[in-house]
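The values are calculated or read from the model by the stated rules, or taken from the named source; none is laboratory data. These numbers were taken from a predicted model, which means no experiment stands behind them. When we count neighbours, we look across all protein chains shown, and the Cβ atoms used for this are built from the backbone with ideal geometry, even at glycine.
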Amino acid sequence: MDIEPQARYDALVIGGSYAGLAAALQLARARQKLLVIDAGVRRNRFVSTSHGFLGQDGRDPSQIVADARAQLLAYPNAQWLAAQVRKAHANAGEFVATVEDGSMVRARKIVLATGVIDELPPVEGLAERWGRSVFHCPYCHGYELNQGSIGVIATGPNSLHQALMLPDWGQVTFLLNGKFEPDAEQSAELAKRGVSVERTKIARLTDAATIEFVDGRRLDFAGLFTASQIRMASPLAEQLGCAFEEGPMGAFIRTDAMKETSVPGVFACGDAARAAGSVALAVGDGTQAGVAAHRALLFG
């Protein structure tokens with residue numbers, strides 16, 4: 001779609017994954033003039049099936065997004081632009097977004113659903129297996145391991161939480177890899193949960209989910225988990241002056257209960273605006289943001 005010069009909308013949704021689509025649907029159904037701008041890079045693009053989302057369990061996540069987009073664009077007041085927004089700022093009571101080709105879009109309200117990027121531990125072979133045999137969320141991927149052996153690759157203190165949770169999904173080995181050392185109390189918690197502890201450093205990942213240690217030993221697992229760190233996938237929230245909060249995985253955009261940021265008229269939802277997320281949580285977040293943005297259009 002080509003946008004007209006200096007196009008003006010009631011609402012601009014930046015990011016067209018689960019949260020952005022959910023926000024846009026509410027605004028479209030409220031008959032607002034709406035534009036979604038999406039760069040087409042979903043956080044969960046590496047996985048083949050999505051789990052834990054009511055009514056969509058086990059589906060290809062790309063198909064969930066494709067269906068949602070088609071349903072959104074059935075509303076004549078909703079438009080879609082496949083592009084990346086480079087800049088955004090407030091100007092004279094509205095917001096101006098500059099797209100990668102230099103064109104500008106004006107909107108009375110903005111919903112940021114820009115997502116995050118996972119910063120993975122620098123273990124050889126891990127990035128290639130991310131979302132396939134190496135995961136971060138047991139609720140999304142634990143059940144499919146069929147109570148098999150699970151390895152948790154430590155990245156720091158936050159990994160203890162993963163190691164203590166995952167025995168509900170299988171037999172767990174906590175691979176410290178020189179990144180964490182449990183104290184006596186933590187060791188007792190791990191033992192109580194039946195978690196084995198492996199202190200030898202990891203050399204690489206091979207096959208589907210095999211760990212090769214620096215001493216030459218190998219351990220085969222049904223799947224592996226690790227706690228990634230996150231960073232914003234877009235600089236727009238910072239450009240607009242939104243406040244951030246620090247979470248266990250990294251900074252995220254601060255919002256109130258209605259998903260409005262510290263900047264009036266700017267709303268944020270999805271993984272960029274919460275400490276942890278999933279498809280189901282992103283959809284709920286986006287729904288709230290879309291409703292709140294519409295109410296702000298009505299009542300200020």
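What the table shows:
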item: Residues within the stretch 103-122 that are farther than 30 Å from HIS294 by Cβ and either touching a residue at least 40 places away in the same chain (Cβ under 8 Å) or among the small types (Gly, Ala, Ser) (or both), tallied; result: 4
item: Boolean, GLN162 is touching a strand residue (DSSP E or B) at 6+ places or on another chain (Cβ under 9 Å) and either surrounded by fewer than 17 Cβ atoms within 10 Å (Cβ to Cβ) or farther than 23 Å from GLY131 by Cβ (or both); result: no
item: Residue that is at pLDDT below 95 and over 25 Å from LEU72 (Cα atoms), where the choices are GLY241, GLY250; result: GLY250
item: Qualifying positions in the stretch 134-167 - over 15 Å from SER228 (Cβ atoms) and part of a loop (DSSP other than H, G, I, E, B); result: GLY142, ASN146, GLN147, GLY148
item: Residue in the stretch 61-108 that is farthest from LEU12 (Cα to Cα), counting only those that are part of a strand (DSSP E or B) and among the polar types (S, T, N, Q); result: ASN91
item: When residues of the stretch 185-223 are limited to those that are assigned to a loop (DSSP other than H, G, I, E, B) and in contact with a helix residue (DSSP H, G or I) (Cβ under 9 Å, 6 or more places away or on another chain), the one surrounded by the fewest Cβ atoms within 10 Å (Cβ to Cβ); result: GLY194
item: Residues satisfying the stated conditions in the stretch 233-265, i.e. touching a Ser or Thr at 6+ places or on another chain (Cβ under 8 Å), among the hydrophobic types (A, V, I, L, M, F, W, C) and either assigned by TED's automatic domain parsing to the domain that holds ALA208 or not in a strand (DSSP E or B) (or both); result: ALA233, LEU236, ALA237, LEU240, CYS242, ALA243, MET249
item: Flag for ASN91 being farther than 16 Å from ALA22 by Cα and at pLDDT below 90; result: no
item: Residue check, GLN32 out of contact with any Gly (no Cβ under 7 Å at 6 or more places or on another chain), surrounded by 13 or more Cβ atoms within 10 Å (Cβ to Cβ) and in a strand (DSSP E or B); result: no
item: Breaking point among (1) over 23 Å from ALA273 (Cα atoms); (2) loosely packed, with under 13 Cβ neighbours inside 10 Å; (3) in contact with a Phe, Trp or Tyr (Cβ under 9 Å, 6 or more places away or on another chain), for GLY55; result: (3)
item: Count of the stretch 88-98 residues which are in contact (Cβ under 8 Å) with a residue 40 or more places away in the chain and either within 21 Å of the chain's Cα centre (by Cα) or surrounded by 14 or more Cβ atoms within 10 Å (Cβ to Cβ) (or both); result: 5
item: Members of the stretch 109-132 found to be surrounded by 20 or more Cβ atoms within 10 Å (Cβ to Cβ) and assigned to a loop (DSSP other than H, G, I, E, B), listed by number; result: ALA113, THR114, GLY115, VAL123
item: The lone exception for SER17 - which of (1) within 17 Å of the chain's Cα centre (by Cα); (2) exposed (fewer than 15 other Cβ atoms within 10 Å of the Cβ) it fails; result: (2)
